[in-house]
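To start, the structure itself, in structure tokens.
The values are calculated or read from the model by the stated rules, or taken from the named source; none is laboratory data. It should be emphasised that the depicted structure is a prediction, and the values quoted were computed from it without experimental measurement. Quick reminder, even Gly has a Cβ in these numbers, built from the backbone with ideal geometry, and neighbours come from all protein chains shown.
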Amino acid sequence: MRRAHSVHEMKKALARRCEDEKLVKSVVERLKRENLLDDARYARQFTRHRTESRKQGEYRIARDLRARGVPDRHIEVALKNASEETDPAAVVRQRIERKLRAFRGEIDERKMASMYRSLIAAGFPSDLIRKELHRITRKEVPEVDNDLE
């Protein structure tokens with residue numbers, strides 16, 4: 001395989017290839033026993049990659065892990081460990097500064113809204129986004145009702 005998989009993903013992949021549920025269950029149990037399949041380890045690796053490489057926030061990472069069938073207890077531990085290692089405010093500042101370098105001309109409301117939406121989609125809390133946008137651009141950022149949070 002090219003990447004790690006959660007237990008849920010592995011069960012689905014094996015079920016697509018094999019009709020026998022008992023066989024799928026026994027293979028998954030053997031993979032767990034031999035430490036080849038571990039949701040806690042998967043959640044830690046996934047979280048570390050997403051925070052360090054992709055610069056994503058905890059909401060996005062948690063949503064993606066839940067979609068992959070990882071139990072909440074593993075997600076919470078992985079996010080807690082990642083938050084101790086990285087500063088979300090610094091990551092938000094990096095993303096804002098990178099966006100600002102790409103923009104041409106004056107930073108108007110449309111560009112601010114675009115930055116805000118991209119940071120919300122990346123999984124950062126709205127209050128942190130507003131604080132960092134205000135700090136960098138020195139403009140007041142209005143509070144926005146958003147269904148993505």
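If you go through the stretch 1-30 and keep only what is of a type in the set (D, E, K, R) and over 18 Å from Arg44 (Cβ atoms), you end up with Arg2, Lys11, Lys12, Arg16, Arg17, Glu19, Asp20, Glu21, Lys22, Lys25, Glu29, Arg30. The set of residues from the stretch 115-140 being over 18 Å from Arg50 (Cβ atoms) and either at pLDDT 90 or above or among the basic types (Lys, Arg) (or both) comprises Met115, Tyr116, Arg117, Ser126, Asp127, Arg130, Lys131, Glu132, Arg135, Arg138, Lys139.
When Val70, Val92 are checked against the criterion of being within 17 Å of the chain's Cα centre (by Cα) and in the same structural domain as Asp127 (by TED's automatic domain parsing), Val92 stands alone in meeting it.
Working only within the stretch 47-66, note down all residues that are out of contact with any helix residue (DSSP H, G or I) (no Cβ under 6 Å at 6 or more places or on another chain) and assigned to a helix (DSSP H, G or I). Within the stretch 47-66, Arg48, His49, Glu52, Tyr59, Arg60, Arg63, Asp64, Arg66 meet the criteria.
Would you call Arg54 under 30 Å from Arg130 (Cβ atoms) and of a type outside the set (Val, Ile, Thr)? For Arg54, the condition - under 30 Å from Arg130 (Cβ atoms) and of a type outside the set (Val, Ile, Thr) - is met. The residue list Arg117, Arg33, Arg95, Arg16 contains one member that is of a type in the set (Lys, Arg), surrounded by 16 or more Cβ atoms within 10 Å (Cβ to Cβ) and free of Cβ contacts under 8 Å to residues at least 60 places away in the same chain, which is Arg95.
Only one of the numbered conditions (1) under 24 Å from Arg2 (Cβ atoms); (2) out of contact with any Gly (no Cβ under 7 Å at 6 or more places or on another chain) is not met by Arg60, and that is (2). Is it fair to say Arg41 is surrounded by fewer than 16 Cβ atoms within 10 Å (Cβ to Cβ), assigned to a helix (DSSP H, G or I) and over 26 Å from the mean Cα position of the chain (by Cα)? Taking the combined requirement at face value, the residue does not satisfy it. Considering the stretch 48-67, the residues that are farther than 23 Å from Ala13 by Cα and among the small types (Gly, Ala, Ser) include one that is farthest from the chain's Cα centre (by Cα), namely Ser53.
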